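To keep things clear, I will list the structure first and then write my remarks on it.
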Amino acid sequence: HMGTLGVTAVGMKGSLPGWIIPLGGTTTILFVIGGITKKPGVIENDTIAIRDYLHLTIAVDHDLIDGGPLARFLARFLDLCDKGYGIPIQNKKE
């Protein structure tokens, strides 16, 4: 058993098509982290620019977690990821 939360990394060298969900353990929530790729995306003021996208798969045991709390958790988690929460900003020396 892997516990309540499992985290694994696959494809750190680039993007992988489709979803990859490792089997072989039981967790309530499993995060599968893939590579980061550059793609066009909408940014502020509805402008399109090249952005970095993280490939992330989240598998959940729906027998243990109801949809409402899960949706709230995922909304908050994705908001924190989008804002780079916890990543220190280094000032560039000029």
Quick check: pseudo-label points 7 Å beyond the Cα along Cα→Cβ at Q90 and T8, how many nm apart are they? 3.2 nm
Quick one: if the Förster radius is 25 Å, what FRET efficiency do R72 and I48 give, using the C-beta to C-beta distance and rounding to 0.05? 0.25
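Each reported figure results from applying straightforward, stated rules to the coordinates on display, with no laboratory input. On a predicted model such as this, the values are computed, not experimentally measured, just so you know. As a convention, Cβ positions derive from the backbone with ideal geometry for all residues, glycine included, and neighbour counts pool all protein chains shown.
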